[in-house]
Amino acid sequence: MFRRHKPSTPEHKKDFAVHGATLPGPQNDRRSFFNLSQLVLSAGQLRSPPILRHSKITYFEVEILDAQSKRQICVVDKVPPSSTLLDVKHKFHKACPQWNPSRIGLRLERNGPYLKDSVSIQSLAVSSIITLYFTDLGQQVFLTEYSGPLLIYLLFYIRLSSIYVEEESTESFRHPVVHLACFCHCLHYARHLLETLFVHKISGGHTPLKNMIKGCAFYWGFTSWIAYYVNHPRYTPPSFGNRQVIFAALTFLMCEAGNHFINVALVQQNHSGNKASFPSPTYNPFTWLFTLVSCPNYTYEIGSWISFTVMTQTLPVGIFAFLMAIQMSLWAQKKHRLYLKKYNMGALRKTAMIPFIF
């Protein structure tokens, strides 16, 4: 009879396991698919996402010193490395509003070249603290414009042989008004230079290079024209003689004094911080003009040039005084409108520059 085959012994199963054999069947397929699904779900993304690391930005601290006295003016902190020198100038302007960014000149060394606005702060940094030296470029513009006429007039006054004929220069007699005119002209521009250095704190922006060249050409050119005629060996004195000269010279000196005291009064008001009211006259009689006009400094300036025209009685001085009057009238009108809005001076019935007229 047939014998029933016995099921496989454990040895057979062991042999299957050793040879890596698997039993085919749908059950094993389902189990493999289930294990693969669990692996995918538990693993998530095949590649682990990169770890986000916040980069630490190093900010710079810019210390700004005065180029002349080495005194610290301010410290501009939290300056990003990507900032330029122009960004530092704008922050400097916020800390010190009296200096416009276009007037600010910054250097790495006191006597070194001025740095360009496009220079990166990171390129200047040796450490986290950057020291820069400040120079007021606006002040340098006025010093250039005013020092030129002072020197040019003196060159014509000594009568260089290259300007005038040598024989006429040595033989001709100089009228006293020639010496007086030289004194008054030098006094006028010397006052401007000293006030620029020690009195004025100009609030406007620095004059661009093109406008600075125009200003120097205007002042220097007219000074050469005026000085040539006043110091010429054939110069004729005024028609009414010494009476005309003395009267005009005294008026000139009074206008120069008044201009100076008005500028000092304006600066003292800015330093005191009292900007809510228009400057009022003081015990100084030169400041009483504040009750009549908004810009008495322009009034005195025009008075100086008109009196200088009468004293010398020359056409170039008259043309220069006329052009200066037109320019200053425009400035006075602009400031007068600002004062009317800021200080509410409509009820005072002030004029801009000339009392009761303009």
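Just a few scattered comments:
- Difference of contour (0.36 nm per residue) and Cα-Cα distance, residue 126 to residue 61: 22.3 nm
- Separation of the residue 278 and residue 323 label points, Cα + 7 Å toward Cβ, nm: 3.1
- Residue 175 accessible area, assembled protein chains, probe 1.4 Å, Å²: 50
- Solvent exposure of residue 91, expressed as accessible area, is near 80 Å², computed with a probe of 1.4 Å over the protein chains only.
- Net length gained if the chain between residue 218 and residue 338 were fully extended (0.36 nm per residue, minus Cα distance): 40.4 nm
- Among 261, 134, the sequence by solvent-accessible area, most first, with a 1.4 Å probe is 261, 134.
- Per-peptide average of other Cβ atoms within 10 Å, ordering 311-323, 115-127, 92-104 highest first: 311-323, 92-104, 115-127
- Cut-off 14 Å, label 7 Å out along Cα→Cβ of residue 229, residues of region 302-323 by amide N: 306, 308-323
- Each Lys and Arg adds +1 at its Cβ and each Asp and Glu adds -1 at its Cβ; summed about the Cα centre, region 85-135 shows a dipole of about 140 debye.
- Calculated FRET value between residue 172 and residue 254, using beta carbons and R₀ = 35 Å, to 0.05: 0.65
- Efficiency of FRET between residue 198 and residue 288 - r from beta-carbon atoms, R0 22 angstrom, step 0.05: 0.35
- Cα gyration tensor shape of region 227-336, rounded if a/c is under 1.5, else prolate or oblate by comparing a/b with b/c: prolate
The values are calculated or read from the model by the stated rules, or taken from the named source; none is laboratory data. The model shown is predicted, which means the values in this text are computed figures rather than measured ones. Because the Cβ atoms are built from the backbone with ideal geometry, glycine has one as well, and the counts that use them run over all protein chains shown. Quick note on the areas: whole protein, heavy atoms, side chains included, nothing else; ligands and nucleic acids left out. Shrake-Rupley method; radii C 1.70, N 1.55, O 1.52, S 1.80 Å.
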